[in-house]
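K.L.:
Sharing a structure with you now.
Only the coordinates and a few stated rules stand behind these numbers; no lab work does. What you see is a predicted model; the values in this text were computed from it and never measured. Here the Cβ positions follow ideal geometry from the backbone for every residue, glycine too, while neighbour counts run over all protein chains shown.
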Amino acid sequence: MNPGASTTDTIAAIATPVGAGGIGVVRISGPESLWIARRLTRRARDPKPRYAHLARVYDGNNELIDQALLLFMPGPRSYTGEDVAELSCHGGPVALRRVLDSALAAGARPAGPGEFTLRAFLNGRLDLAQAEAVADLVAAPTPAALAVAANQLAGRLSDAVGDMRSACLDLLAQMEAEVDFDEDEVPPMDRALLASTLDSLHQRLEDALATAGRGIMQRHGVRVALVGSPNVGKSSLMNALLSTDRAIVTEIPGTTRDVLEESFDLDGVPIVLNDTAGLRETRDPVETLGVERSSRALEGADAVVLVLDASRPLLGNDETAAARVRTAAKPTIVALNKRDLPHAVRAADVRDFAPNAPVVHTAAIREDVNELREALRHVIGLAGADGGLALVASVRHQEALTRARDELAAAHRAVSDDQPSDLVSIGVRGAVNALGEITGESATEDLLDVIFSKFCIGK
Ligand SMILES: Nc1nc2c(ncn2[C@@H]2O[C@H](COP(=O)(O)OP(=O)(O)OP(=O)(O)O)[C@@H](O)[C@H]2O)c(=O)[nH]1
Ligand SMILES: [Mg+2]
């Protein structure tokens, strides 16, 4: 897909997921879409705009393919801003493929990933942050992530960014007038007022950025690996956290051979749990492979739970597992499991296992994992965080806002150092550009390519 491509051609795609479904939609957008839709449905007259017409759909050889609802939405008041025709067919993959092929034979070309939404952006129907929200909405892993995406699509982030950008543009206009005209034509800006305006913009950026950590976690999830020596209860803890019997549990050490992965929702943040094979020296070739995979899971994790069996004295394998966890240097929680049994290990005994890591007590067998949940909230920064809806939920937006904030800080320093307005304006212009990357005013073709290539086809 080339974001710079003209939007004068007509694109078509199956907009619903692959497989059989109640309904499957073929979407067509561009100047030829009305003509193509009429051709496919053999309609003598134009369909009424935004009206569902029952229609038979034929291929190029006049063979009946399906019966569908035809919906025609003329531009510019359509999703893409162009003429859009949608055929809601019976959702069988063969029928849909044939309807699409017929649209292509009639002159459309296959749409690239995200190309409908790209056109919506290029035609000014959505700004870039809203276009990204479309993909996030589709992919939202939890209700909290969905709420952030829905609000972003509704323009919550765009409005905030747009406000800050236009405040910066106002400042720039005043400063440029000051540089271009004599003092008697344009009086110089009040420096104290300029400094306080920059201050308040800086604060608004800080406030937005303060929501980014939580927002990004809600969008991507947090990967947590359960590691430890064999038989300590890693798989049982996984099951307890998920409240299911996902992992096989037996009293035989070395039960888990492969890394298991499953998600659960912790305060709206998707936690991707990895249960791993117990770490120990072994000659069993299958177990050896499992232990290697455990190490990779440890490396790939955002946080680690080091699981120990508190009902028996610590063993060499526990020390080895702890050493690996220390080397991985990830945020860590130590779980002393099997607290329902008489304990042989206390929190003080394992202080050196993972210095500074919180130590919690669990009894996976009784689903007693509240302390672990609470420690997870703290370790990933959920505890104490403002539970409100995050404004910022992507690393791209976080980076652009950070740049805008730093540019404004530079502008503020220039004011404090009594620098002339043209030097102050460099930082303000930098902030305008950084903010415009979020909403798209200053987005390059390469950036658009990166963003839209992540979309699914048909969106
Ligand atoms: N009493 C008690 N037993 C537990 C607890 N958690 C796990 N167990 C028992 O400990 C044994 C091992 O549990 P698993 O969950 O398979 O341990 P694991 O760490 O996944 O073991 P590997 O996969 O072999 O590394 C099983 O017999 C469990 O029933 C607990 O909290 N209390
Ligand atoms: Mg296991």
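K.L.:
Let me know the shape class of the range 229-379, please: from the alpha-carbon gyration tensor, a ≥ b ≥ c as square roots of the eigenvalues, rounded when a/c is under 1.5, otherwise prolate if a/b is greater than b/c, or oblate.
P.N.:
rounded
K.L.:
Compute the signed sum of charges (Lys and Arg +1, Asp and Glu -1) over the other residues within less than 10 Å, Cβ to Cβ, of residue 339.
P.N.:
-1
K.L.:
Under the classification rounded if a/c is under 1.5, otherwise prolate if a/b is larger than b/c and oblate if not, where does the range 161-251 fall, given a ≥ b ≥ c as square roots of the Cα gyration tensor eigenvalues?
P.N.:
prolate
K.L.:
Something else: Once you put a point 7 Å from the Cα of residue 282 and another 7 Å from the Cα of residue 190, both along the Cβ direction, what distance in nm separates them?
P.N.:
7.4
K.L.:
Once you mark the chymotrypsin sites (Phe, Trp or Tyr not before Pro) that are in a DSSP loop and have at most 16 other Cβ atoms within 10 Å, what is the longest gap between them in the chain?
P.N.:
It works out to 182-459.
K.L.:
What stretch of the chain, leaving out the sites themselves, is the longest with no GluC sites (Glu not before Pro) in a DSSP loop having at most 10 other Cβ atoms within 10 Å?
P.N.:
282-459
K.L.:
Quick one, what does Rg over Rh come out to for the chain if you take C-alpha atoms and the Kirkwood Rh?
P.N.:
1.10
K.L.:
Which loop-located trypsin sites (Lys or Arg not before Pro) does the range 329-390 contain, where loop means any DSSP state but H, G, I, E or B and the Cβ has at most 15 other Cβ atoms within 10 Å?
P.N.:
346, 351
K.L.:
Counting other Cβ atoms within 10 Å, which trypsin sites (Lys or Arg not before Pro) in the range 240-298 have at most 10 and lie in a DSSP loop?
P.N.:
Answer in residue order: 283.
K.L.:
What spacing in nm lies between the two simple spin-label points modelled at residue 244 and residue 173, each 7 Å away from Cα in the Cβ direction?
P.N.:
Inter-label distance under the simple model: 5.6 nm.
K.L.:
Is the range 21-114 rounded, prolate or oblate when judged by the Cα gyration tensor, a ≥ b ≥ c being the square roots of its eigenvalues, rounded requiring a/c under 1.5 and prolate requiring a/b larger than b/c?
P.N.:
Since a/c stays below 1.5, the shape of the range 21-114 is classed as rounded.
K.L.:
Any idea what the relative contact order of the chain is, in percent, if you count C-alpha pairs under 8 Å spaced at least 6 apart?
P.N.:
Across the chain, relative contact order equals 18 percent.
K.L.:
Using the Cβ atoms and a cut-off under 10 Å, what net charge is assigned to the surroundings of residue 232, where Lys and Arg are +1 and Asp and Glu are -1?
P.N.:
+1
K.L.:
Using the charge dipole of the chain (Lys, Arg: +1 at Cβ; Asp, Glu: -1 at Cβ; taken about the Cα centre), state which of 353, 18, 433 has its Cα farthest towards the positive end.
P.N.:
Going by the charge dipole, the pick is 18.
K.L.:
For the chain, what are the DSSP H helices with axial Cα length of 20 Å or more and mean Kyte-Doolittle hydropathy of at least 0.5?
P.N.:
421-439
K.L.:
For residue 222, what is the net charge nearby, where nearby means another residue's Cβ is under 12 Å from its Cβ and Lys, Arg count +1, Asp, Glu -1?
P.N.:
Neighbour charge sum, excluding residue 222 itself: +2.
K.L.:
Given the DSSP H assignment, sum -39500 (n - 2.57) over each helix run of at least 4 residues in the chain and divide by its residue total; what's the result at 222 nm in deg cm²/dmol, nearest 500?
P.N.:
Computed ellipticity for the chain at 222 nm equals -14000 deg cm²/dmol.
K.L.:
In whole percent, what relative contact order does the range 369-435 give with Cα contacts below 8 Å and a gap of six or more residues?
P.N.:
The normalised contact order for the range 369-435 reaches 30 percent.
K.L.:
Quote the relative contact order of the range 229-379 in percent (integer), defining contacts as alpha-carbon pairs under 8 Å separated by 6+ residues.
P.N.:
It rounds to 23 percent for the range 229-379.
K.L.:
Something else about it: Of all beta bridges DSSP finds with both residues in the range 229-379, what is the antiparallel percent, to the nearest 5?
P.N.:
Just about 45 percent of them are antiparallel.
K.L.:
Using 1/(1 + (r/R0)^6) with R0 = 25 angstrom and r between the beta carbons of residue 409 and residue 444, what's the FRET efficiency to the nearest 0.05?
P.N.:
0.50
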